[in-house]
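Trainee: Shown below is the structure under consideration.
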Amino acid sequence: MAGTDVGAPDTGQERGGKKYKKPKVTGVRIDMTPMVDVIMLLLTFFMLTTTLSAPQLMNINLPKGDVTKDRVKLAADVIMFLRVSEKGNIYISYGNPDGSETAPEKIDVKQVATKIENRYAQNENTVLLLRFDRKMKYNMMVDIFDEINRAKISERRYAIQKLEDKDKEIITAAGG
């Protein structure tokens with residue numbers, strides 16, 4: 001509510017025989033209490049009616065057990081290597097029955113799902129070895145996991161490994 005403050009009282013001074021009244025000085029005072037109440041009500045209303053976005057989490061199941069005792073032996077021809085360089089370049093190669101590896105091929109992120117599907121169509125026991133450079137951007141790894149989840153395969157078997165010096169040499173030889 002607004003109110004007024006009245007100035008000094010009338011002194012009734014005379015000027016030239018006529019009684020002169022000093023004009024009243026008025027000031028405006030605004031009461032802010034109702035405005036604060038309205039703001040608090042609006043704030044409470046919007047806080048209670050809006051839905052807060054839940055954080056998006058990615059579930060990663062880590063193996064339990066001893067690394068040296070619980071090793072699994074795999075045939076070389078069921079392994080599919082997916083290496084990601086520091087720059088975010090993706091290289092894919094496949095294991096051969098003689099223990100060697102095919103020449104790495106540079107692919108785009110959008111091709112990961114189709115490459116995995118094609119490999120699983122040839123051999124359902126394929127295991128994907130993901131090797132990431134620690135200096136690469138995190139969103140690249142998330143994009144690759146999204147593509148793995150998009151792939152139409154029955155069972156997703158993969159392992160995440162650190163990109164070692166040998167892998168860096170393979171990437172360099174492939175042009176990365």
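The values are calculated or read from the model by the stated rules, or taken from the named source; none is laboratory data. Predicted, not measured: the structure shown is a model, and the values here were computed from it. So basically every Cβ, Gly included, is an ideal-geometry build from the backbone, and we count neighbours across all protein chains shown.
Trainee: Among the residues of the stretch 56-74, are any assigned to a strand (DSSP E or B), modelled with pLDDT under 80 and of a type in the set (Asp, Glu)?
Mentor: Scanning the stretch 56-74 turns up no residue that is assigned to a strand (DSSP E or B), modelled with pLDDT under 80 and of a type in the set (Asp, Glu).
Trainee: Test of understanding: among ILE148, ILE171, which residue is surrounded by 15 or more Cβ atoms within 10 Å (Cβ to Cβ) and closer than 22 Å to LEU57 by Cα?
Mentor: ILE148
Trainee: With the requirement that a residue be modelled with pLDDT of 90 or more and hydroxyl-bearing (Ser, Thr, Tyr), what does the stretch 98-141 give you?
Mentor: Of everything in the stretch 98-141, just one residue is modelled with pLDDT of 90 or more and hydroxyl-bearing (Ser, Thr, Tyr), namely THR114.
Trainee: Sort through ASP77, ASP98, ASP165 and tell me the only one that's of a type outside the set (A, V, I, L, M, F, W, C) and free of Cβ contacts under 8 Å to residues at least 12 places away in the same chain.
Mentor: Unique residue meeting the criteria: ASP165.
Trainee: Among the numbered criteria (1) among the polar types (S, T, N, Q); (2) modelled with pLDDT of 80 or more; (3) in contact with a strand residue (DSSP E or B) (Cβ under 7 Å, 6 or more places away or on another chain), which one does THR4 miss?
Mentor: If we test THR4 against (1) among the polar types (S, T, N, Q); (2) modelled with pLDDT of 80 or more; (3) in contact with a strand residue (DSSP E or B) (Cβ under 7 Å, 6 or more places away or on another chain), just (2) comes out false.
Trainee: Kindly indicate the residue of the stretch 128-176 that is of a type in the set (S, T, N, Q) and more than 22 Å from ALA75 (Cα to Cα) and also farthest from the chain's Cα centre (by Cα) among those meeting that condition.
Mentor: Here the answer is THR172.
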